[in-house]
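Have a look at the structure below, then the notes.
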Amino acid sequence: MAYAAFRSIGAYAPEKILTNEELSHMVDTTDEWITKRTGIKERHIASEDEFTSDLGVKAAQKAIERSGIALEDIDMIITATISPDYFCMPSTATIISAKLGLKNVTAFDISAACTGFVYILSIAKAFIESGMKKNVLIIGAEKLSSITDYTDRGTCILFGDGAGAAMICATDDKNEAIIDIHTGADGEYADLLMTPNGGSGSAHDSLEAEAGSCFMQMKGNETFKVAVRTLTKDVKEILADNDLTGEDIVHFVPHQANLRIIKAVGDALKMKEGQVVLTVAKYGNTSGASIPMAINDIYEAGELKAGELMLLDAFGGGLTWGSALVPFSPKS
Ligand code: ACO
């Protein structure tokens, strides 16, 4: 049987930085409020002519180069995004495949909001274990600034742009294999976090829709409570299912939405400070890109070594959630 190995990581953050101080001149907020309630200090914002696919390509190029896999050996690309270049079609994954110069590749997007990266990791694992694919490029890429309402202080302070990518490859060595992935969803909570306009469910003739808004709307406080409850349960379950404890985890890489959510889940797992990977201060919430961007940060800092076990966890619109037990397995 083939196993799926997490071979390499890459990420990209756009040049422009939007600070809390700058936001305080745009909406009624302060650096103090944002820092205390979220842990965010700044976020990166893509330029007008920089699309989600461009961010994804830059992250992907690093991941491909670091994997040692030849471009022509990549047989599938999956992109997790809620801010695609174009709504409906073509998929951002197909645009990325063209920009990378890839032909004869299966390419598609999935929509699972902030849980997107865990979802595409699980899809890559399933395709590899079934023998259908060998080298899968997975990309979380977001230009959330394109769907953010910069007059809404409840959301605009949270989100940033960026991309992260990983190569997931077939291996015969069970020691290199992704151990387990849990994914879940509960559509009963769909209205907590949504972009109400722009789809077949929106009122096309309403003034609101005409205003062109595909902007995110969020019931932040309710989302916060469900996030803490769901994530704590999920990470405890995936550890128990695999006879592991928090002590077995070298790097806990949570979705970077809010420092208070991360702390609550980390505390429930009795994680020590050095185990928890934190990038929320400098990138904000980059949805499907946040986990691979965080993994890339520890990789580039020389803190991610071959064989080290990562626990990933994420939560987002849908509502969706997921967790994964992933050893870092670069090609030796
Ligand atoms: N600056 C100043 N005051 C603010 C701001 C702001 N930017 N935003 C809200 N407030 C005010 C509110 O109006 C409210 O005032 P009131 O008490 O007078 O009514 C007060 O602050 C408290 O508001 P809450 O919404 O209760 O604040 P909370 O502590 O919950 O923090 C936040 C808000 C940061 C949004 C938090 O709820 C959160 O992080 N939620 C979870 C987000 C998340 O994880 N989403 C899922 C992933 S995102 C995705 O999938 C794309």
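For GLY10, state whether it is touching a residue at least 24 places away in the same chain (Cβ under 8 Å), in contact with a helix residue (DSSP H, G or I) (Cβ under 7 Å, 6 or more places away or on another chain), within 16 Å of the ligand (Cβ to nearest atom) and small (Gly, Ala, Ser).
No, not satisfied.
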Exercise for the section: Hand me the list of strands (runs of 3 or more DSSP E) wholly inside region 90-185 holding 3 or more residues that are surrounded by 24 or more Cβ atoms within 10 Å (Cβ to Cβ) and within 15 Å of the chain's Cα centre (by Cα). Expected result: 135-143, 161-171
Handout entry: Among the residues listed as ALA59, ALA124, ALA70, ALA112, the single one being modelled with pLDDT of 95 or more, of a type outside the set (Val, Ile, Thr) and closer than 16 Å to ALA11 by Cα
Key = ALA59
Fill in the blank from the handout: Only unsatisfied item for LYS58, checking (1) in contact with a Ser or Thr (Cβ under 9 Å, 6 or more places away or on another chain); (2) basic (Lys, Arg); (3) away from the ligand (no atom under 14 Å from the Cβ), is (1)
Exercise for the section: Would you mind telling me which numbered condition in (1) over 30 Å from THR195 (Cα atoms); (2) open to solvent by less than 30 Å² (accessible area, probe 1.4 Å) TYR299 fails? Expected result: (2)
Fill in the blank from the handout: Filtering region 127-186 for residues that are within 12 Å of the ligand (Cβ to nearest atom) and within 30 Å of LYS103 (Cα to Cα) leaves a count of 3
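Sort through GLY318, GLY288 and tell me the only one that's closer than 29 Å to SER146 by Cα, open to solvent by 10 Å² or more (accessible area, probe 1.4 Å) and within 15 Å of the ligand (Cβ to nearest atom).
The match here is GLY318.
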Problem - Positions within region 14-62 being aliphatic (A, V, I, L, M) and either on the phi > 0 side of the Ramachandran plot or open to solvent by less than 30 Å² (accessible area, probe 1.4 Å) (or both), in sequence order - result: LEU18, LEU23, VAL27, ILE34, ILE40, ILE45, ALA46, LEU55, VAL57, ALA59, ALA60
Practice task
Could you check ASN221 against (1) more than 30 Å from SER53 (Cβ to Cβ); (2) buried (at least 16 other Cβ atoms within 10 Å of the Cβ); (3) within 15 Å of the ligand (Cβ to nearest atom) and say which number it fails?
Solution key: (2)
Handout entry: Residue check for ILE74: aliphatic (A, V, I, L, M), under 27 Å from PRO254 (Cβ atoms) and either buried (at least 21 other Cβ atoms within 10 Å of the Cβ) or under 17 Å from the mean Cα position of the chain (by Cα) (or both)
Key = no
Exercise for the section: Out of the residues in region 263-281 that are touching a Pro at 6+ places or on another chain (Cβ under 8 Å) and free of Cβ contacts under 8 Å to residues at least 40 places away in the same chain, state the one that is nearest to HIS44 (Cα to Cα). Expected result: VAL277
Fill in the blank from the handout: Across (1) open to solvent by less than 10 Å² (accessible area, probe 1.4 Å); (2) touching a Leu at 6+ places or on another chain (Cβ under 9 Å); (3) part of a helix (DSSP H, G or I), LEU312 clears everything bar (3)
Exercise for the section: Inspect all residues belonging to region 50-64 and state whether any of them is assigned to a helix (DSSP H, G or I), within 30 Å of ILE238 (Cα to Cα) and in contact with a His (Cβ under 8 Å, 6 or more places away or on another chain). Expected result: no
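The rows are residues; the columns are (1) closer than 27 Å to ALA306 by Cβ; (2) touching a Gly at 6+ places or on another chain (Cβ under 7 Å); (3) surrounded by 21 or more Cβ atoms within 10 Å (Cβ to Cβ); (4) of a type outside the set (Lys, Arg).
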{"position": "THR232", "(1), (2), (3), (4)": "no, no, no, yes"}
{"position": "LYS236", "(1), (2), (3), (4)": "no, no, no, no"}
{"position": "ALA240", "(1), (2), (3), (4)": "yes, no, no, yes"}
{"position": "VAL250", "(1), (2), (3), (4)": "yes, no, no, yes"}
{"position": "ASN258", "(1), (2), (3), (4)": "no, yes, yes, yes"}
{"position": "ASP267", "(1), (2), (3), (4)": "no, no, no, yes"}
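The values are calculated or read from the model by the stated rules, or taken from the named source; none is laboratory data. Being a predicted model, the structure only gives us computed values, none of them experimental. Using ideal geometry, Cβ is built from the backbone for each residue, glycine included, and neighbour counts are taken over all protein chains shown. The accessibility values were calculated without ligands, DNA or RNA, using every heavy atom of the protein model including side chains. Shrake-Rupley method; radii C 1.70, N 1.55, O 1.52, S 1.80 Å.
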